[in-house]
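Undergrad: I have a structure here, written as structure tokens, and I will follow up with some questions on it.
The values are calculated or read from the model by the stated rules, or taken from the named source; none is laboratory data. Being a predicted model, the structure only gives us computed values, none of them experimental. Neighbour counts run over all protein chains shown; Cβ positions are idealised from the backbone, glycine included. Surface areas here come from the heavy atoms of the whole protein model, side chains and all, with no ligands, DNA or RNA. Shrake-Rupley method; radii C 1.70, N 1.55, O 1.52, S 1.80 Å.
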Amino acid sequence: MTNSFGDIQNAKSIFIIGCNPAVNHPVGFGHILKAKERNNAKIIVIDPRFTKSAAKADYFAQIRPGTDIPFVYGMLHIIFKNGWEDKKYIEDRVYGMDEIRAEAAKWTPELVADVTGVKAETLIEITTIYAKNSPGTLLWAMGLTQHTIGTGNTRIAPILQMALGYMGKAGGGTNILRGHDNVQGATDMGCLSDTLPGYYGLVEGSWKYYARMWGVEYDYIKSQFKDASWMGKPGFTLARWWAGVLAGKEGEDAIENAGTNLKALVVMGCGITSTSQNLKIQQGLDNLELLVIADPFVNEAAVLTNRKDNLFILPSATQFESSGTVSATNRSAQWRSKVVEPLYESKADHEIMFELAKRLGFYEEYTRSMMMHLKEDGYLEKTPNKITFQWPEDATIEISRTLRTIGMMGWTPERIKKHTENWHMFDEVTGAGRGAMKGEYYGLPWPCWSVKHGGTPNLYNVDVPVSEGGMGFRNNFGLEKDGVSLLAGKGSAPLDSKVDGGYPEITKENIEKLIGRPLSAAEKELCGANWKTCTSGKLVDLALEAGLTPYGNAKARAVVWNFPDRIPMHREPLYSPRPDLVEKYPTYADKANHFRVTTKYASIQKGQDYTKEFPIVMTTGRLVTMMGAGLENRASKYICALTPDMFCDIHPELAKQHGIQNGSMMWVHSPAGTKIKVKAKYSHTVLPHMVFLPFHFGGYMQGVDMTGNFPAGTKPFASGECANTVVAYGYDIITQIPASKAGLCRVEKA
Ligand SMILES: Nc1nc2c(c(=O)[nH]1)N[C@H]1C(S)=C(S)[C@@H](COP(=O)(O)OP(=O)(O)OC[C@H]3O[C@@H](n4cnc5c(=O)[nH]c(N)nc54)[C@H](O)[C@@H]3O)O[C@H]1N2
Ligand SMILES: Nc1nc2c(c(=O)[nH]1)N[C@H]1C(S)=C(S)[C@@H](COP(=O)(O)OP(=O)(O)OC[C@H]3O[C@@H](n4cnc5c(=O)[nH]c(N)nc54)[C@H](O)[C@@H]3O)O[C@H]1N2
Ligand SMILES: [Mo]
């Protein structure tokens, strides 16, 4: 999220594409409604369903799932044709917009109408309103990401913002609405298989940096791997861990995992039924040698599996029984305080991890850095006389001194606690503090460059000095590409900057030149090779003094030369309802070793017309009453009274064709050969050729009630089929997120 929910109140137009905040971010949605009331902001919603957010919109386009790239190119087509783009912004701050312009030229409103199902007049009207009501903010979430072309979707949206000059402005930006309360924090901490914490890459330099900051030898870390080459390889993802278990069985995808299958699975705070292809998940669970689940509730993974032994359920404490920082969707921190000690025999997650580390023999190394402190020269030393570490404060300190790439250096426990305790002293819209909190933004949204910096409320804003949260785009991809400079143009540096234009990231080599003065020998001594590994903080301090952003001032890339699609390209879903378009917009070639597993694309899509047997478009998503896999909510009798049954939103016309009555049972069949039995719910939110399934239910598998597997007294008040049983094969080409938004199905009266 470049800006924040509060900042949306500064917008003149709000473009909601692929999210439904009225349902999924109902508190945040208040800011959108305030923007409409106070600012007369125009609300635009692009969604395949007439959602509760659409009900509040001024303009609505009912798009075919998976066709957002054509829709946005259609908007860019109209913008460029009318000269509505921000020419100076593009010239100074964007690399490769010409390639976008050339692609947009192909997407006439008529072509867009054919591919997306949205009328040309609607596209033109929406584009005009969005371009003329400046600044506009753009919101998205899972409606854009959960596709084979999800990454392309998440690139075309900021490109639209940059074309209009809406990026890096109050009331503008791309506001990507995060999911769980700490999903931003979990991502920052590197709970992904292809990064170290703080987005440090899986390269030798980063491992060495971490060895230093964890107080362990690099060779010790290396010795934990089969050989050093595995230190640079991404692991399996949550979406496809089961492929690592099932590899070698007939019809399963090949893996590249050092010659072994996955044998054990530890699940900590994930519903498991929440990822696609539940039948495969069930088979994966059945074929493991060991399954451990740490969860405050009885996780449905334990109920879904047919295994009889080596299944352990550990009672995790909840958020109310533990404390520490959580990061909100806008990169800001809050301190969460423990309300009660963990009840009964439950343990907080970190305790469970510590116990595991003890059993595996690396507890001392795991916790060592918390027994150390940073000396002025940027090196760690064991803190004399320290007998034990203080949780979670010492962990927070370790994070703030280590995760420099995203600027967590200012996130000390004291500051974060002070913000949370004084939340009433910050402005709801700007996040700016008053009184004793003056000069700081609520929660110190990162980058928060130092203990004196007040945080960055809006990313990429050059209208304010770096000391007040200004910054350009990051210099992360070299200084030039094909002879064109990647640095920002003249006059585009943050306010009060010593350098009036683009510059590379700050290093020991270039610092003197950039700040315009020689360093003393003592100063030089404190400088690390570059700002990311300079743990004394000297390089960052010098940069801030001169009004420079430590990571440089570059152009944003519209062209990503190292991705399969240099610019976002439309590609039909694997299970496309438009076989006539597949030839023109085919998917990718199959990809070997995609997070260690071969992932199919063309071999599913090519030469097949699924629409004869599976003519109905199927999409999945959320309900306001339930969260994720739904375990926590289905343990509440009162919530279950509101949504007691798993259901399918179906248009009455479609239902009638199949003799399906409102409230009666129906089957939904997937092209992968799986099926679920659910209650039909007549709804006009979906078009007659599509259905919608919420994914919050579990406990049933293809008509079979598995809830007898719940230990006595733990069965939820509501159970049902999981939508993910019929979400078929399909994964994003870069991130491997399941394509759970654009599928095909067949319906039948049960
Ligand atoms: N009540 C509740 N709130 C939640 C959650 C929850 O489970 N329950 N989950 C949280 C989490 S983890 C997340 S990630 C967020 C997710 O928040 P959202 O992304 O808002 O959630 P979804 O309902 O999955 O999908 C959003 C919308 O995308 C639309 N959509 C589907 N396909 C397409 C498409 O191809 N193009 C476009 N333009 N739109 C499409 C769907 O119809 C749906 O209305 O919500 C968070 N908030
Ligand atoms: N078809 C379809 N599938 C989807 C999506 C979709 O739109 N469509 N959306 C996807 C998205 S964006 C997401 S984020 C996932 C969400 O799916 P999950 O990650 O499965 O989400 P939750 O149900 O919130 O799962 C959290 C689990 O953690 C447990 N828990 C709660 N607090 C704690 C704690 O403090 N410690 C521990 N150890 N456990 C705890 C809960 O009891 C629950 O079992 O679903 C994905 N699946
Ligand atoms: Mo999510």
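Undergrad: Could you tell me which of 724, 232, 499 has its Cα farthest along the dipole of the chain towards the positive end, charges placed at Cβ (Lys, Arg +1; Asp, Glu -1), taken about the Cα centre?
TA: Farthest towards the positive end: 724.
Undergrad: How large is the helix-only mean residue ellipticity at 222 nm for the chain, computed as the sum of -39500 (n - 2.57) over DSSP H runs with n ≥ 4, divided by its residue count, in deg cm²/dmol to the nearest 500? Intermediate values should be presented prior to the final figure.
TA: Numbers: 28 runs with 214 residues, N = 750.
Calculated at 222 nm, the ellipticity per residue is -7500 deg cm²/dmol.
Undergrad: How high is the relative contact order of region 445-580, in percent, counting Cα pairs under 8 Å that sit 6 or more residues apart? Intermediate results must be reported in sequence, preceding the final value.
TA: On the way: 238 pairs, mean separation 32.1, N = 136.
24 percent.
Undergrad: Please enumerate, by chain and number, the aspartates and glutamates with C-alpha under 16 Å from the C-alpha of residue 591, excluding those fewer than 8 residues away in the same chain.
TA: 252, 253, 256, 565, 732
Undergrad: Taking only protein heavy atoms and a 1.4 Å probe, what accessible area per residue, in Å², does the chain have with all protein chains in place?
TA: On the way: 31140 Å² over 750 residues.
On a per-residue basis, the chain sits at 42 Å².
Undergrad: State the percentage of accessible surface on region 610-749 attributable to carbon and sulfur atoms; use a 1.4 Å probe and exclude ligands, DNA and RNA.
TA: On the way: 3040 of 5530 Å².
Carbon and sulfur atoms account for 55 percent of the accessible area of region 610-749.
Undergrad: Using +1 on the beta carbon of Lys and Arg, -1 on that of Asp and Glu, and nothing else charged, what's the dipole of the chain about the Cα centre, debye to 20?
TA: Using Cβ point charges on Lys, Arg, Asp and Glu, the chain gives about 880 debye.
Undergrad: If you roll a 1.4 Å probe over region 6-176 with all protein chains in place, what percent of the accessible area is carbon or sulfur? Please report the intermediate quantities before stating the final value.
TA: Numbers: 2880 of 5410 Å².
That fraction is 53 percent.
Undergrad: Using R₀ = 35 Å, calculate the FRET efficiency as 1/(1 + (r/R₀)^6) where r is the Cβ-Cβ separation of residue 477 and residue 451; round to 0.05. It would help to have the intermediate numbers written out before the result.
TA: Details: r = 30 Å, r/R0 = 0.86.
It comes to 0.70.
Undergrad: Additional query: Could you tell me which trypsin sites (Lys or Arg not before Pro) in region 424-493 are loop residues by DSSP with no more than 14 other beta carbons within 10 angstrom of their beta carbon? Don't skip to the end; give the middle numbers.
TA: Values: sites: 434, 438, 452, 474, 481, 490; in loops: 434, 438, 452, 474, 490.
Hits after loop and neighbour filter: 434, 438, 452, 490.
Undergrad: For region 511-587, which whole-number percentage of the solvent-accessible area (1.4 Å probe, protein heavy atoms only) is attributable to carbon and sulfur atoms? The partial results should precede the final answer.
TA: Numbers: 1600 of 3060 Å².
Using a 1.4 Å probe with all protein chains present, region 511-587 comes out at 52 percent carbon and sulfur.
Undergrad: Going through region 584-643, which trypsin sites (Lys or Arg not before Pro) have at most 11 other Cβ atoms within 10 Å and a DSSP loop state? Don't jump to the answer; show the numbers that get you there.
TA: Numbers: sites: 584, 591, 596, 600, 606, 612, 622, 634, 637; in loops: 584, 596, 600, 606, 622.
Sites meeting the loop and neighbour criteria: 584.
Undergrad: Here is a further query. For a label point 7 Å from the Cα of residue 350 along Cα→C-beta, name the residues of region 373-389 whose backbone N is under 14 Å from it.
TA: Inside the label zone: 388-389.
Undergrad: Calculate the FRET efficiency for residue 661 and residue 702 from the Cβ-Cβ distance with a Förster distance of 25 Å, rounded to the nearest 0.05.
TA: Values: r = 22 Å, r/R0 = 0.89.
My answer for the efficiency is 0.65.
Undergrad: Same structure again: Using θ = phi - 60° and the Karplus form 6.51 cos²θ - 1.76 cosθ + 1.60, what ³J(HN,Hα) does each residue of region 544-553 get, whole Hz, x for Gly and Pro?
TA: 4, 4, 8, x, 9, 7, x, 8, x, 9
Undergrad: Which of 619, 272, 553 sits farthest toward the positive end of the charge dipole of the chain, with +1 on the Cβ of Lys and Arg and -1 on the Cβ of Asp and Glu?
TA: Positive-end residue among those listed: 619.
Undergrad: Just need the relative contact order of the chain here, percent rounded to a whole number, with Cα pairs under 8 Å and 6+ apart. Display every interim value, and only then the final one.
TA: Numbers: 1608 pairs, mean separation 107.1, N = 750.
Relative CO of the chain lands at 14 percent.
Undergrad: Ignoring everything but the protein chains, give the 1.4 Å probe accessible area of residue 580 in square angstrom, nearest 10.
TA: Its heavy atoms expose roughly 100 Å² to the probe.
Undergrad: So, one more: Which FRET efficiency value, to the nearest 0.05, do you get for residue 263 and residue 562 by plugging their Cβ-Cβ distance into 1/(1 + (r/R0)^6) with R0 = 35 Å? Let's see the in-between values first.
TA: Working: r = 34 Å, r/R0 = 0.97.
Working from the Cβ atoms, E equals 0.55.
Undergrad: Let me ask you something else. About its Cα centre, what dipole magnitude does region 6-176 give when the only charges are +1 on Lys and Arg Cβ and -1 on Asp and Glu Cβ, stated in debye to the nearest 20? Write out the running numbers ahead of the final one.
TA: Numbers: 19 positive and 16 negative charges, 100 e Å.
In total the dipole reaches around 480 debye.
Undergrad: Tell me the label-point distance for the pair residue 33, residue 312, using the 7 Å Cα-to-Cβ offset, in nm and rounded to one decimal.
TA: If labels sit at residue 33 and residue 312, their model points lie 4.8 nm apart.
Undergrad: Please compare each pair in 56/637; 417/715; 513/555; 347/637; 263/606 to a cut-off of 28 Å on the Cα-Cα distance and tell me which ones are over it. Display every interim value, and only then the final one.
TA: Values: 56/637 30 Å; 417/715 38 Å; 513/555 21 Å; 347/637 25 Å; 263/606 34 Å.
From 56/637; 417/715; 513/555; 347/637; 263/606, over 28 Å: 56/637; 417/715; 263/606.
Undergrad: Now a separate question. Before anything else, pin down the relative contact order of region 6-176: Cα pairs under 8 Å, at least 6 apart, normalised by residue count, whole percent. All intermediate terms of the calculation are to be shown ahead of the outcome.
TA: Details: 301 pairs, mean separation 53.2, N = 171.
Across region 6-176, relative contact order equals 31 percent.
Undergrad: Show me the chymotrypsin sites (Phe, Trp or Tyr not before Pro) within region 218-283 that DSSP assigns to loop and that have at most 14 other Cβ atoms within 10 Å of their Cβ. Don't skip to the answer; put the middle values down first.
TA: Working: sites: 218, 220, 225, 230, 236, 241, 242; in loops: 225, 236.
The qualifying sites are 225.
Undergrad: Which residues in region 625-664 have a backbone N closer than 13 Å to a point placed 7 Å from the Cα of residue 423 along the Cα-to-Cβ line?
TA: none
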